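The values are calculated or read from the model by the stated rules, or taken from the named source; none is laboratory data. None of the values given here were measured: they were computed from a predicted structure. Don't worry about glycine lacking a Cβ; one is built from the backbone with ideal geometry, like all the others, and counts go over all protein chains shown.
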């Protein structure tokens, strides 16, 4: 498909070092997080919090999403939620609120979701730029989600245990995060991946179509940027990227708009608020629905309320 676009635009796409660095860091995070999953670290952490009820499960989902990405956090927490002894309607609501919390709170860190990783590297930001720019959105989403889930009660689940190798995976995860934050050179993450090849190759069973999608969109946006001359910033960029996210998902939206603007803050807000709304707005939404077939009517009610609330939060704190 990219070849067809190249023919249409009469040129081949040009990739930068930063483009490949985003894909490399995504792969590194996916592999070490898969190792954490396989060793029981993530599930043990989440299960210990879940014994306190719905609000704690939401808190666990949010914290996980900020460090292991929203997609992974939902895979872990929904798995735990499905095993809980909870009323069916409450369970459905909890899964919906977990999805909302993961989408919102993952925006807090440079590595909380794929679009943040891309924006962080593409605009060469410092580790604190993203938290300082967008903190009000994840805080708002977390508080609202916890309040809505406060009445949901569940029995304690101690079904998960930590394997000894879990500490090795924790060290590998911390090392990759330090590379993403530019505290360690990027090639150290490559050394970690080489270690996984020899000692835990099964952790390489990750979402490669997502990585290929990044490569495709990097090429596509380069072709469009060199052909179309537009400039967006501020409110126009925020609303355009958030609405665009509703139809093609927020990660492709971030890639598509980045070449047309230097206003990374408005883009950051736009694609993260844009993760709310339609179920197609975020890959995390589709993952949650695939794991638990909740009512789309109920999901869209809460998701669109959060979308419009996110717009208000941007107008107050983001501009």
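Here are some residues: 68, 32, 76. Which one is modelled with pLDDT of 85 or more and either out of contact with any strand residue (DSSP E or B) (no Cβ under 9 Å at 6 or more places or on another chain) or more than 18 Å from residue 145 (Cβ to Cβ) (or both)?
Going through 68, 32, 76 in turn, the sole match is 32.
Show the residue pairs meeting these rules: Cβ distance below 6 Å; 6+ apart or different chains; first residue within the stretch 266-277 and in contact (Cβ under 8 Å) with a residue 40 or more places away in the chain; second residue assigned to a loop (DSSP other than H, G, I, E, B) and buried (at least 24 other Cβ atoms within 10 Å of the Cβ).
275/282
Considering only residues of the stretch 261-277 that are in contact with a helix residue (DSSP H, G or I) (Cβ under 9 Å, 6 or more places away or on another chain) and farther than 24 Å from residue 97 by Cβ, which is surrounded by the most Cβ atoms within 10 Å (Cβ to Cβ)?
Taking the candidates together, the pick is 267.
Among (1) under 18 Å from residue 119 (Cα atoms); (2) modelled with pLDDT under 85; (3) not in a helix (DSSP H, G or I), there is one condition residue 262 misses while meeting the rest; what is its number?
Here residue 262 clears every test but (2).
I need a count of the residues in the stretch 281-294 that are within 14 Å of the chain's Cα centre (by Cα) and free of Cβ contacts under 8 Å to residues at least 40 places away in the same chain.
Qualifying residue count, the stretch 281-294: 2.
Can you tell me which residue in the stretch 200-235 is nearest to residue 19 (Cα to Cα), limited to those that are in contact with a helix residue (DSSP H, G or I) (Cβ under 8 Å, 6 or more places away or on another chain), at pLDDT 85 or above and in a helix (DSSP H, G or I)?
Result: 204.
Scan 96, 58, 78, 63 and give me the residue that is out of contact with any helix residue (DSSP H, G or I) (no Cβ under 7 Å at 6 or more places or on another chain) and either under 21 Å from residue 269 (Cα atoms) or touching a residue at least 60 places away in the same chain (Cβ under 8 Å) (or both).
Criteria check complete, one pass: 63.
Working only within the stretch 278-295, note down all residues that are crowded, with 24+ Cβ neighbours inside 10 Å and in a loop (DSSP other than H, G, I, E, B).
Answer for the stretch 278-295, where residues must be crowded, with 24+ Cβ neighbours inside 10 Å and in a loop (DSSP other than H, G, I, E, B): just 282.
Could you go through the stretch 113-120 and let me know if any residue there is part of a loop (DSSP other than H, G, I, E, B), under 27 Å from residue 275 (Cα atoms) and touching a helix residue (DSSP H, G or I) at 6+ places or on another chain (Cβ under 6 Å).
Of the residues in the stretch 113-120, the ones part of a loop (DSSP other than H, G, I, E, B) are 113.
Now drop any that are not under 27 Å from residue 275 (Cα atoms), which leaves 113.
Right, trim to touching a helix residue (DSSP H, G or I) at 6+ places or on another chain (Cβ under 6 Å) and you get 113.
Yes - at least one qualifying residue is present in the stretch 113-120.
Identify all residues within the stretch 121-140 that are assigned to a helix (DSSP H, G or I) and modelled with pLDDT under 95; write none if there are none.
121, 122
All but one of (1) under 22 Å from residue 129 (Cβ atoms); (2) crowded, with 18+ Cβ neighbours inside 10 Å; (3) in contact (Cβ under 8 Å) with a residue 40 or more places away in the chain; (4) more than 18 Å from the chain's Cα centre (by Cα) hold for residue 258; state the number of the condition that does not hold.
Every condition holds for residue 258 apart from (4).
What are the pairs, 6+ residues apart or on separate chains, where a residue within the stretch 187-204 that is over 13 Å from residue 29 (Cβ atoms) has its Cβ under 6 Å from a residue that is surrounded by 15 or more Cβ atoms within 10 Å (Cβ to Cβ)?
Close Cβ pairs (under 6 Å, with a partner that is surrounded by 15 or more Cβ atoms within 10 Å (Cβ to Cβ)) amount to 188/179; 200/35.
Within the stretch 35-54, which residues are crowded, with 20+ Cβ neighbours inside 10 Å and modelled with pLDDT of 80 or more?
35, 36, 39, 54
Can you find a residue that is at pLDDT 80 or above and under 12 Å from the mean Cα position of the chain (by Cα) anywhere in the stretch 14-24?
Checked against the condition, which is being at pLDDT 80 or above and under 12 Å from the mean Cα position of the chain (by Cα), the stretch 14-24 yields no hits at all.
For the stretch 77-93, which residues satisfy the criterion of being surrounded by 24 or more Cβ atoms within 10 Å (Cβ to Cβ) and over 23 Å from residue 280 (Cβ atoms)?
Scanning the stretch 77-93 gives no hits.
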